[in-house]
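> Dumping the structure here so I can ask a few things about it.
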There are 2 protein chains.
Amino acid sequence: MKLTILGSSSALPTSERFPSAHVLNAHERLFLIDCGEGTQMQLRKKRIRFGKINHVFISHLHGDHVFGLYGFLSTLNLMGRKAPLSLYAPEMYGSILRSHLGDFDINLGYEIDFFPLYGNDPVLVLDDKYITVTAIPLIHRVPSFGFLFREKQKDRNIIKDRIIEFGIPVERIPAIKKGEDYLRDDGTIIRNEDLTLPPDEQLSYAYCSDTRFCPRLSTFVKDVTMLYHEATFDKDKTELAAATFHSTTLDAAKVAEKAGAKTLLIGHFSSRYRKIEPLVDEARTIFPRTFPAIDGKSYEITNNTIDY
Amino acid sequence: MKLTILGSSSALPTSERFPSAHVLNAHERLFLIDCGEGTQMQLRKKRIRFGKINHVFISHLHGDHVFGLYGFLSTLNLMGRKAPLSLYAPEMYGSILRSHLGDFDINLGYEIDFFPLYGNDPVLVLDDKYITVTAIPLIHRVPSFGFLFREKQKDRNIIKDRIIEFGIPVERIPAIKKGEDYLRDDGTIIRNEDLTLPPDEQLSYAYCSDTRFCPRLSTFVKDVTMLYHEATFDKDKTELAAATFHSTTLDAAKVAEKAGAKTLLIGHFSSRYRKIEPLVDEARTIFPRTFPAIDGKSYEITNNTIDY
C-alpha cells in the first residue's frame, strides 16, 4: 500500500499546500479520498493515471474537501471514460451533484454508483478481493466520515524449495497457501508449516478528517498501520479547535496512541502555520512516530519503522 | 495596465497549464477574468492580494472557466471580507450560485452584486473613474461573453518647469490638465500647449474566450492594445474547432489583424499540444506580434512593441 498526498491544507490553501485530497494505492488499484480544488492538477503533476481511479470517497460537504470533484468528473468524461465510478459521500450529496451537473449541462458518459453515507456507526462500504473499506462516523459541524482501508487476511507464503522437494503438483498450491496440509499418494501427511511461512502482515490505512477529538475513534481504527488524523491547530489553540470542531496536534496523537497505530500522519494544517515542524514536535510528545503530510509526497504503508 | 495569466489551458488542464483565469491590474485595481479550478492557489503563488479584487467577470458557464469560483468566494469569506464583490456572468449563473452556496451552507459575510449578462450586442457593464468595461457577445455552445477593458481619456501631462515659471497656483492644475488655458491676473493668456504635453495613450485589453471565429469581433475590439483570443486548436484542426465552437490559431490572428490590435496573446490551448511555439508560429504568419499566454507570467499592456 502506498499513500500519496495531493493536498494538506485546511480551508485556506497556501502557496505550498492544496486543499485535502489523498490517493491510496492498494494492490495497484487507486482510491481517491477527498477531492479538494486542484486535485486533478495535482494528479497530473504526480502523473497518476485518472483511469485507474474507480472509487472516490468524500468525507464531508465542506468545499475544501469536494470542490475539485466537478472538474475531476468532467475531465474523466472528456477523457472518454466508460467504466462506472463508485462515489461514497454524505447522503445529501447525491442530489447536489445531480443538480450541479445539470446546471452545467454535463452529461457524463459513465455511470456514477453513489453510496450514501449516514448514521452514527461504522459501516462496511466496500469488500473486494484484497481489501475492505469501512466508513467511520466523525464529529464535525456537518456529517463527516473517516475511511478505514484494511487488507484482507493474506495467503501463507509458499517455500518453493519444499514444493519442488516433495513434487507437489501446481493445482494443489492454492489450498496449501490457504493453510491446508498435503496428503501424499502413499497416505503420509506433510504438515502445512513444513511447506509455508506465515502470511505477510495485513496493512491498513485510516483517513480521519475533519473531526474534533473523538474518543471512540481509537477503537474504530484499532491497530491501524498508518493513521492520518487532521491536526488543524497547535495545542495553544485548543479552544478554537473545539469551537470549530477541529483537532489539535495532541488530539491526533492521543487517538494514534490509544489505537496502537504504527504511524501517525498529521495534516489539514491551518494556513496560519508556515512551518509544520513545531506541530509535528508537539504530537511527538505523545506519539513519537508522527510525520507531516506534505503535498506531492508518497508514503509507503508498512509495519517497518521507516522515517518519512 | 498589467495582465497576469493564472491559467491558459482549455477544458483539460495539464501539469503546466491551469484552466482559464486572468488578472488585469488597471491603476492598481484588480479585475479577475474567469475563475477556473485552482485560481485561488495561483493567486497565492503570485502573491496577489485577494482583497484588491472587487470585480469578477465570468465569460461562460463551462467548468474550466468557473469551477474555481466557489473556492475563491469561500476563501474571501474566511478572510473576513466585508466589501461587496461585483460579479458579471451569464444570467443563469445567479440562481446556480445561490443554490450551490446554500447546498454547502456557505453564508457569505459580504454582498455579491450580480450583473447578469445576456443578449447579442456589446453592453457597457462598468464605467468608473479610470476605465470602462464592455461585455461582448461571442459565439460558443453556450452563451459566452468577451470583456473589453478600456482606459478613459487621460489628462494632459503637466510640464512642471512651466508651472513654476509662471507661478500657477496648485488649485488651477486640474483644469489645466483637462486642457484649459491659464488666465493671468494681468489679463494675458498662457495657452495650454505651452503648459502641458499630450496625454498618455489610452490602453485597452480584450479577453475573448471561448468562441469560434466571430467576424463581428474585430469591430467590437477595434484598435485594442492587447487582444487575448482563444486558440484552442492549430490550423489542421479547423473542422474540429468549428464543430466544438472554438478557434484556431489563424482565426485568432485574423481577428487581431482586422481589429488593428497592437499585440495578440493566444491561449486556452488544447491539452494535446505539449509545445506551444508551433501554435504561435502559425498565428504569426498572419499577425506577427503574437505571443503565448503562459501560466504565472505577467504582461505589461503598452503601445510600445516589447517582446513578451
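The values are calculated or read from the model by the stated rules, or taken from the named source; none is laboratory data. Computed from a predicted structure; not experimentally measured. Methodologically, a virtual Cβ is constructed for each residue, glycine included, from the backbone with ideal geometry; neighbour enumeration extends over all protein chains shown.
> Against the condition of a type in the set (Phe, Trp, Tyr) and in contact (Cβ under 8 Å) with a residue 60 or more places away in the chain, how does B:Phe67 come out, does it pass? Let's see the steps before the verdict.
Numbers: of a type in the set (Phe, Trp, Tyr): yes; in contact (Cβ under 8 Å) with a residue 60 or more places away in the chain: no.
In short, no.
For every residue, the table says whether it meets (1) charged (D, E, K, R); (2) at pLDDT below 95.
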| residue | (1), (2) |
| --- | --- |
| B:Asp186 | yes, yes |
| B:Leu197 | no, no |
| B:Cys208 | no, no |
| B:Pro215 | no, yes |
| B:Lys222 | yes, no |
| B:Glu230 | yes, no |
| B:Thr238 | no, no |
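> If the requirement is being under 22 Å from A:Phe220 (Cα atoms), in contact with a helix residue (DSSP H, G or I) (Cβ under 7 Å, 6 or more places away or on another chain) and of a type in the set (Phe, Trp, Tyr), which of these qualifies: A:Phe245, A:Phe287? First the steps, then the outcome.
Details: A:Phe245 fails: in contact with a helix residue (DSSP H, G or I) (Cβ under 7 Å, 6 or more places away or on another chain).
It is A:Phe287.
> Restricting to the range B:1-17, count the residues that are within 22 Å of B:His246 (Cα to Cα) and part of a loop (DSSP other than H, G, I, E, B).
Taking the range B:1-17 and keeping what is within 22 Å of B:His246 (Cα to Cα), we get B:5-14, B:16-17.
Now restrict to residues that are part of a loop (DSSP other than H, G, I, E, B): B:8, B:10-14, B:16-17.
Adding up the residues that qualify gives 8.
> Looking at the range B:135-149 only, could you name the residues that are crowded, with 21+ Cβ neighbours inside 10 Å and away from chain A (no Cβ under 14 Å)?
Passing the criteria: B:Ala135, B:Ile136, B:Pro137, B:Leu138, B:Phe145, B:Gly146, B:Phe147, B:Leu148, B:Phe149.
> Something else about it: Do we find that A:Ala293 is of a type in the set (A, V, I, L, M) and either farther than 21 Å from A:Ser204 by Cβ or without any contact (Cβ under 8 Å) to a residue 60 or more places away in the chain (or both) in this structure?
Criteria not met by A:Ala293.
> With the structure loaded, tell me whether A:Ile112 is surrounded by 13 or more Cβ atoms within 10 Å (Cβ to Cβ), modelled with pLDDT of 95 or more and not aromatic (Phe, Trp, Tyr) or whether it fails that test. Steps first, answer last, please.
Details: surrounded by 13 or more Cβ atoms within 10 Å (Cβ to Cβ): yes; modelled with pLDDT of 95 or more: yes; not aromatic (Phe, Trp, Tyr): yes.
The answer is yes for A:Ile112.
> Taking the conditions exactly as written (surrounded by fewer than 23 Cβ atoms within 10 Å (Cβ to Cβ), charged (D, E, K, R) and under 18 Å from the mean Cα position of the chain (by Cα)), does A:Asp295 satisfy them or not? Break it down into steps so the answer makes sense when it comes.
Values: surrounded by fewer than 23 Cβ atoms within 10 Å (Cβ to Cβ): yes; charged (D, E, K, R): yes; under 18 Å from the mean Cα position of the chain (by Cα): yes.
Taking the combined requirement at face value, the residue satisfies it.
> Can I ask one more? Of B:Ile33, B:Ile53, which residue is among the β-branched types (Val, Ile, Thr), touching a His at 6+ places or on another chain (Cβ under 8 Å) and modelled with pLDDT of 95 or more? Can you show your working first?
On the way: B:Ile53 fails: touching a His at 6+ places or on another chain (Cβ under 8 Å).
Criteria check complete, one pass: B:Ile33.
> Could you say whether any residue in the range B:5-28 is over 23 Å from B:Asp210 (Cα atoms), free of Cβ contacts under 8 Å to residues at least 40 places away in the same chain and in the same structural domain as B:Ile131 (by TED's automatic domain parsing)?
Checked against the condition, which is being over 23 Å from B:Asp210 (Cα atoms), free of Cβ contacts under 8 Å to residues at least 40 places away in the same chain and in the same structural domain as B:Ile131 (by TED's automatic domain parsing), the range B:5-28 yields at least one hit.
> Among the residues of the range B:131-149, are any β-branched (Val, Ile, Thr) and more than 33 Å from the chain's Cα centre (by Cα)?
Looking only at the range B:131-149, we keep the residues that are β-branched (Val, Ile, Thr), and these are B:131-134, B:136, B:139, B:142.
Those still in the list that are more than 33 Å from the chain's Cα centre (by Cα) too: none.
No, the range B:131-149 has no match at all.
> May I ask you to verify whether A:Leu97 is closer than 23 Å to B:Ser9 by Cα and either surrounded by fewer than 23 Cβ atoms within 10 Å (Cβ to Cβ) or under 23 Å from the mean Cα position of the chain (by Cα) (or both)? Break it down into steps so the answer makes sense when it comes.
Numbers: closer than 23 Å to B:Ser9 by Cα: no; either surrounded by fewer than 23 Cβ atoms within 10 Å (Cβ to Cβ) or under 23 Å from the mean Cα position of the chain (by Cα) (or both): yes.
No; evaluated as a whole, the condition is false for this residue.
> Does at least one position in the range B:64-77 carry a residue that is among the β-branched types (Val, Ile, Thr), over 15 Å from B:Ile112 (Cα atoms), at pLDDT 95 or above and surrounded by fewer than 24 Cβ atoms within 10 Å (Cβ to Cβ)? Give the derivation first.
Initially, the range B:64-77 is screened for residues among the β-branched types (Val, Ile, Thr), giving B:66, B:75.
Next, from what is left, pick out any that are over 15 Å from B:Ile112 (Cα atoms): B:66.
Within this subset, residues satisfying the condition of being at pLDDT 95 or above are B:66.
Adding the requirement that they be surrounded by fewer than 24 Cβ atoms within 10 Å (Cβ to Cβ) leaves none.
Checked against the condition, which is being among the β-branched types (Val, Ile, Thr), over 15 Å from B:Ile112 (Cα atoms), at pLDDT 95 or above and surrounded by fewer than 24 Cβ atoms within 10 Å (Cβ to Cβ), the range B:64-77 yields no hits at all.
> Sticking with this one: Identify, by number, the condition in (1) assigned by TED's automatic domain parsing to the domain that holds B:Ser8; (2) free of Cβ contacts under 8 Å to residues at least 60 places away in the same chain that B:Pro122 doesn't meet.
The failed condition is (2).
> Which residues, counting only those in the range A:14-30, are of a type outside the set (Asp, Glu), within 29 Å of B:Phe72 (Cα to Cα) and at pLDDT below 95?
A:Thr14, A:Ser15
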